[in-house]
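S.K.: The structure follows.
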Amino acid sequence: ISSNLREGFSIDLEGVMGKSDTVRFRVYELGVKISSISREAFEFINNLGLITKLIGELESDDVLLKLNCMELLQLLMESPHGVDFVESADVLQKLHHSLISTQDDPFATVLIPGILKFFGHYCLQHVSNAPCLCSQYPNFLKTILSLVHMPEEDTVWGVAVDTLGILGSTSDGRKALMMLQGETELAIKKLWVFINQSKSDLRLRALLVLSTIFSCPDEEESISYEWYKLTLSNPLSTVMSIVKQPFFDLHCAGLRLILTLSSREWGQREMQKCPGFVEYLLDRKTETEKNGKELKFDIISNLANSSSAESVFGSLLFLKFKEYEREGAFFVRVETSVALE
């Protein structure tokens, strides 16, 4: 640690931090940023008592202070030594207790998203620990899955479905979800319902989350297919009806979901069975924007390089996929005409 840094923190921290909540949290923020530089820097900041004091803010009755504290602790977890300290200080246990005790709190709609974001961030950073985490703190997963059914709670719902997507996109995360298999299937079924019936913003979020869930590695194919068929008789037809609508965000979100499915053999079989799907896919005129052209090209590239696509679609269509890929995303076929006098 440089002498300048030591000198900078030789001031009366207690006096400075006592001036106001704003100043105190500025000091915390500075300490967290410095501590992320190295383990040595972390030890220096921790020896000043800053990190311990920051964790103590979780006991505050002030909702905004609690939320600011959680934001800074998430930043602290960007480093391995920060994660080690958060775990050793029982921060997850404290937040799990808060999650239980704030269910009936008038500020629950403010606090719960912050707590869920913290747990979700931890899962994202350490997804291999997800089964252990969800077993040790069961109310976290139960709350996530129950909130998926409550789109009227806009902020909380967004955090819940995003966290579900994170957990569903990895093998370890799925092991955690399968601890509550029935609740998980109901939550994913609800996402399909949102796609089929809801407002545009809910449909968009649900499409993106399902794209994340179906991006899970190949060894989870059977679970993915079960989740795909949970509620709709022909899910791909529903997605295609959205893709064909004149709303660009929904259009691209639908194509992203199709892109995820195109790398799966069962997904290809669903595409082959869907009336008009292949014709739409090969028609370059359906895309007028750069993002759409690139997404469609990525889907066809997946099919052109898939070991199963030729047997699913047949040799003729497979050659058309290869030709489309060879021509590129922005190819425009020139129509020649002869003028007769």
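S.K.: If each of Glu294 and Asp172 carries a label point 7 Å out from its Cα toward its Cβ, how far apart are those two points in nm?
M.R.: If labels sit at Glu294 and Asp172, their model points lie 3.1 nm apart.
S.K.: What is segment 144-257 by shape, rounded, prolate or oblate, if you read a ≥ b ≥ c off the alpha carbon gyration tensor as root eigenvalues and call it rounded for a/c under 1.5, prolate for a/b larger than b/c, and oblate otherwise? It would help to have the intermediate numbers written out before the result.
M.R.: On the way: a/c = 1.74, a/b = 1.27, b/c = 1.37.
Oblate shape, in that a/c is at least 1.5 and b/c is the bigger or equal ratio.
S.K.: Trypsin sites (Lys or Arg not before Pro) within segment 234-319: which are DSSP loop residues with at most 14 other Cβ atoms inside 10 Å? Don't jump to the answer; show the numbers that get you there.
M.R.: Numbers: sites: Lys244, Arg256, Arg264, Arg269, Lys273, Arg284, Lys285, Lys290, Lys293, Lys296; in loops: Lys244, Arg264.
Filter output for segment 234-319: Lys244.
S.K.: Report the Cα-based extents of segment 1-150 along its three principal axes, largest first, to the nearest Å.
M.R.: The Cα atoms of segment 1-150 stretch 54, 34, 19 Å along the principal axes, largest first.
S.K.: Quick one: if the Förster radius is 35 Å, what FRET efficiency do Asp21 and Glu153 give, using the C-beta to C-beta distance and rounding to 0.05?
M.R.: Taking R0 as 35 Å, the efficiency between Asp21 and Glu153 is 0.80.
S.K.: Normalising by the residue count of the chain, find the relative contact order in percent from Cα pairs under 8 Å and 6+ residues apart. Present the calculation step by step, with values, prior to reporting the outcome.
M.R.: Details: 342 pairs, mean separation 29.8, N = 341.
Once divided by the residue count of the chain, the mean separation gives 9 percent.
S.K.: With label points built 7 Å along Cα→Cβ from the Cα atoms of Lys273 and Ser307, find their separation and express it in nm.
M.R.: According to this spin-label approximation, the distance is 2.4 nm.
S.K.: Points 7 angstrom from Cα along the Cβ direction at Lys199 and Ser101: gap in nanometres?
M.R.: 3.4 nm
S.K.: Separation of segment 112-187 and segment 219-249 by C-alpha centroid, Å?
M.R.: 21 Å
S.K.: Once you have a ≥ b ≥ c as the square roots of the Cα gyration tensor eigenvalues for segment 172-331, tell me rounded if a/c is under 1.5, and otherwise prolate or oblate according to whether a/b is larger than b/c.
M.R.: Details: a/c = 2.05, a/b = 1.39, b/c = 1.48.
It is oblate, given that a/c is not under 1.5 and a/b is not larger than b/c.
S.K.: Okay, moving on. On the protein heavy atoms, probe 1.4 angstrom, tell me the percent of accessible surface of the chain carried by carbon and sulfur.
M.R.: 52 percent
S.K.: In addition: Determine the per residue accessible area of the chain with all protein chains present and a 1.4 angstrom probe, expressed in square angstrom.
M.R.: Normalised by residue count, the accessible surface of the chain is 49 Å².
S.K.: So what's the back-of-envelope 222 nm ellipticity for the chain, counting only DSSP H runs of four-plus at -39500 (n - 2.57) apiece and dividing by all residues, rounded to 500?
M.R.: Values: 23 runs with 243 residues, N = 341.
Mean residue ellipticity at 222 nm (helix-derived): -21500 deg cm²/dmol.
S.K.: Select from segment 118-185 those trypsin sites (Lys or Arg not before Pro) which occupy a DSSP coil region and have at most 15 other Cβ atoms within 10 Å, ordered by residue number. Please report the intermediate quantities before stating the final value.
M.R.: Working: sites: Lys142, Arg174, Lys175; in loops: none.
Qualifying residues, ordered by number: none.
S.K.: Follow-up question, since we're still on this one. Once the Cα atoms of helix 138-147 and of the chain are each reduced to a long axis, what angle between those two axes, in degrees from 0 to 90 to the nearest 10, is obtained?
M.R.: Between the helix axis and the principal axis of the chain, the angle is about 50 degrees.
S.K.: Next question. Please list the radius of gyration and Dmax for the chain, considering alpha-carbon atoms only, with Å as the unit.
M.R.: Cα radius of gyration and Dmax of the chain are 25.2, 95 Å respectively.
S.K.: I need the shape label for segment 78-145. Rule: rounded when a/c is under 1.5, else prolate if a/b > b/c, else oblate, with a, b, c from the alpha carbon gyration tensor.
M.R.: Judged from the Cα gyration tensor, segment 78-145 comes out prolate (a/c at least 1.5, a/b above b/c).
S.K.: While we're on this one: With a Förster radius of 22 Å, plug the Cβ-Cβ distance of Gln93 and Ile37 into 1/(1 + (r/R0)^6) and report the FRET value to the nearest 0.05.
M.R.: Rounded to the nearest 0.05, the efficiency is 0.20.
The values are calculated or read from the model by the stated rules, or taken from the named source; none is laboratory data. If you're wondering where the values come from, they're calculated on a predicted model, not measured in any experiment. Here Cβ is always computed from backbone atoms with ideal geometry, including for glycine, and neighbour counts include all displayed protein chains. For accessibility, only protein heavy atoms count, side chains too; no ligands or nucleic acids. Shrake-Rupley method; radii C 1.70, N 1.55, O 1.52, S 1.80 Å.
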